[in-house]
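Undergrad: Sharing a structure below in structure tokens format, with a few things to ask.
The values are calculated or read from the model by the stated rules, or taken from the named source; none is laboratory data. Because the structure is predicted, anything quoted here is derived from the model rather than measured. All Cβ positions, glycine included, derive from the backbone under ideal geometry; neighbour counts span all protein chains shown.
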Amino acid sequence: MEGIVTKSTGSWYRVITTKGHAVDCRLRGKLKIAGSKATNPVAVGDKVVFRMEDGNSTGIIEEILDRKNYIIRKATKLSRQTHVIAANIDQAVIIVTLALPRTSTGFIDRFLVTCEAYSIPACIIFNKLDLITTPGDKAKLEELSRMYTLIGYPCLSVSATEKTHTDQFDTLLKNKISLLAGHSGVGKSALINAIEPGFDLKVQAVSKMHKKGRHTTTFAEMFKLSNGGHIIDTPGIKEFGLVNFEAWELCHYFPEMRRFFNQCRYDNCTHYNEPGCRVKEEVSRGNIHIGRYENYLNILLGEDTRRSN
Ligand SMILES: Nc1nc2c(ncn2[C@@H]2O[C@H](COP(=O)(O)OP(=O)(O)O)[C@@H](O)[C@H]2O)c(=O)[nH]1
Ligand SMILES: [Mg+2]
Ligand SMILES: [Zn+2]
């Protein structure tokens, strides 16, 4: 039988069959060893072949079908082992807020880089539109929205509480498997509740969110929406990021910089302080947003994500 993994606890996997039945499965022993550098061989979104256990309502996963894509994080901060967060994702939807809490563009760009690296289309949802009231805030939202749209990331401004543009959010998720990401408190649960009242996900007061535990042992979960879409809710997305990459590769994950690839004086230009750099030239011309370039440099020079060799 075939199905899709919608939940995993590390040893048990909830598999939904093509007919919609839920079966809790374990892994065949041999499969566990095969999982290379990943700490978990099966992740949410994986399509698997399984058989029922004799005289039981539980199943055994026999085979994991090829993944279209997947997203990983380091198992622990310094480890070389990885943890597969989810597989077979159609799109990544990052939910952000300009205030309460403020999502930095550094966080957004790091997330987008990860999506580029794994070839997952990404879009940005600006939530809490009802709190954007001053001309300054409106201009800020407008600028960010325009910038990301021009780069190629569709943007949508919504308010979960006022239900502003939530119909467009619903349309966006229709018939797709979407990875939902965003800091705690940006309104992920509220937004899902707005389009799927039956879910009744717990909405938490922002003030209660400061106790951010280390979510290294929690797993992603997939939910089916009535519009035919699925959402993957991920805990602990702070560790999202590239696991290993070379300095010269990074600009490939910035679509607006990728355009100028191979147009610098040096082939292995990292666009940092090399002479004759086309990317820096385009930054000074205003064709590449200075904020994006700064975030590029932060990722390039940041010790946490760079390969340590
Ligand atoms: N003003 C305003 N508050 C919102 C909006 N969406 C969510 N919130 C509030 O933000 C807080 C966190 O929401 P929640 O959905 O739990 O965030 P999550 O951690 O991303 O799931 C709650 O107090 C919500 O009522 C919105 O569009 N406008
Ligand atoms: Mg929530
Ligand atoms: Zn360069």
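Undergrad: What's the number of the condition ARG285 fails, among (1) surrounded by 12 or more Cβ atoms within 10 Å (Cβ to Cβ); (2) more than 13 Å from ligand 3 (Cβ to nearest atom); (3) at pLDDT 95 or above?
TA: Status for ARG285: all satisfied but (1).
Undergrad: Just one of the numbered conditions (1) modelled with pLDDT under 90; (2) surrounded by 15 or more Cβ atoms within 10 Å (Cβ to Cβ); (3) within 16 Å of ligand 2 (Cβ to nearest atom) is not true of ILE231; which one?
TA: The one condition ILE231 does not meet is (1).
Undergrad: Going through GLU143, GLU162 one at a time, which residue ends up being in a loop (DSSP other than H, G, I, E, B) and loosely packed, with under 14 Cβ neighbours inside 10 Å?
TA: The unique qualifying residue is GLU162.
Undergrad: Inside the stretch 81-113, can you point out the residues that are among the small types (Gly, Ala, Ser) and closer than 16 Å to VAL158 by Cα?
TA: Of everything in the stretch 81-113, just one residue is among the small types (Gly, Ala, Ser) and closer than 16 Å to VAL158 by Cα, namely ALA99.
Undergrad: Mind counting the residues in the stretch 259-276 that are under 16 Å from GLU249 (Cβ atoms), surrounded by 10 or more Cβ atoms within 10 Å (Cβ to Cβ) and not hydrophobic (A, V, I, L, M, F, W, C)?
TA: 6
Undergrad: Related question: Take PHE254 and decide whether it is closer than 30 Å to THR39 by Cα, at pLDDT 90 or above and hydrophobic (A, V, I, L, M, F, W, C).
TA: Yes: the conditions hold for PHE254.
Undergrad: Here is a follow-up. Kindly evaluate TYR153 against the criterion of being away from ligand 1 (no atom under 15 Å from the Cβ), outside any helix (DSSP H, G or I) and surrounded by 17 or more Cβ atoms within 10 Å (Cβ to Cβ).
TA: Judged against the criteria, TYR153 is a match.
Undergrad: Then there is this: Please pick out the residue among ARG80, ARG67, ARG73 that is surrounded by 20 or more Cβ atoms within 10 Å (Cβ to Cβ) and either in contact with a helix residue (DSSP H, G or I) (Cβ under 7 Å, 6 or more places away or on another chain) or part of a loop (DSSP other than H, G, I, E, B) (or both).
TA: ARG73
Undergrad: Of all residues being surrounded by 14 or more Cβ atoms within 10 Å (Cβ to Cβ), at pLDDT 95 or above and not aliphatic (A, V, I, L, M) in the stretch 110-136, which is farthest from the chain's Cα centre (by Cα)? Just the residue, please.
TA: Looking at the filtered set, the residue picked out is LYS128.
Undergrad: Let me ask something additional. List every residue pair whose Cβ atoms sit under 7 Å apart, with the two residues 6 or more apart in sequence or on different chains, where the first one lies in the stretch 177-196 and is over 13 Å from ILE94 (Cβ atoms) and touching a residue at least 24 places away in the same chain (Cβ under 8 Å) and the second, anywhere, is among the β-branched types (Val, Ile, Thr) and near ligand 2 (Cβ under 9 Å from one of its atoms).
TA: ALA190/VAL203; ASN193/VAL203
Undergrad: A follow-up question, please. Please verify whether the stretch 152-164 includes one or more residues that are within 16 Å of ligand 2 (Cβ to nearest atom) and hydroxyl-bearing (Ser, Thr, Tyr).
TA: yes
Undergrad: Show the residue pairs meeting these rules: Cβ distance below 9 Å; 6+ apart or different chains; first residue within the stretch 135-157 and farther than 11 Å from CYS123 by Cα; second residue in a strand (DSSP E or B) and of a type in the set (Gly, Ala, Ser).
TA: Short answer, once both residue conditions are applied: LEU141/SER157.
Undergrad: Quick test of your reading of the structure: ASN193 fulfils all but one of (1) within 26 Å of ASN295 (Cα to Cα); (2) within 16 Å of ligand 2 (Cβ to nearest atom); (3) part of a helix (DSSP H, G or I). Name the failing condition by number.
TA: Just one mismatch for ASN193, condition (1).
Undergrad: So, THR218, is that one at pLDDT 60 or above, in contact with a Gly (Cβ under 8 Å, 6 or more places away or on another chain) and within 16 Å of ligand 1 (Cβ to nearest atom) or not?
TA: yes
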